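Nothing in this text is a laboratory measurement; each read-out follows from the coordinates by a stated rule. Nothing here was measured: the structure is a model prediction, and the numbers come from that model. Every residue, glycine among them, receives a Cβ derived from its backbone with ideal geometry; neighbour counts consider all protein chains shown.
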Amino acid sequence: MTTSRPPKQRRTVSRDALLKSVASSTAVETGEASRGIEARLRSGKSRFKSLPLA
């Protein structure tokens with residue numbers, strides 16, 4: 001017996017929420033402070049500017 005579900009709606013995530021999420025996840029993996037990682041992400045400086053993304 002299956003019941004039909006309504007289609008899932010996409011949620012828009014703000015840039016701030018995304019940066020906090022990435023920073024906290026990276027902080028857990030690296031042991032670094034999430035505030036420092038978040039500040040680095042917000043600065044927009046890239047270590048590999050000459051490297052194009054696929």
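So here's what we get for this one:
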{"quantity": "Hits in region 34-50 (condition: part of a helix (DSSP H, G or I) and among the small types (G, A, S))", "calculated": "S34, G36, A39, S43"}
{"quantity": "Tally of residues being among the β-branched types (V, I, T) and either surrounded by 12 or more Cβ atoms within 10 Å (Cβ to Cβ) or touching a Phe, Trp or Tyr at 6+ places or on another chain (Cβ under 7 Å) (or both) across region 10-54", "calculated": "3"}
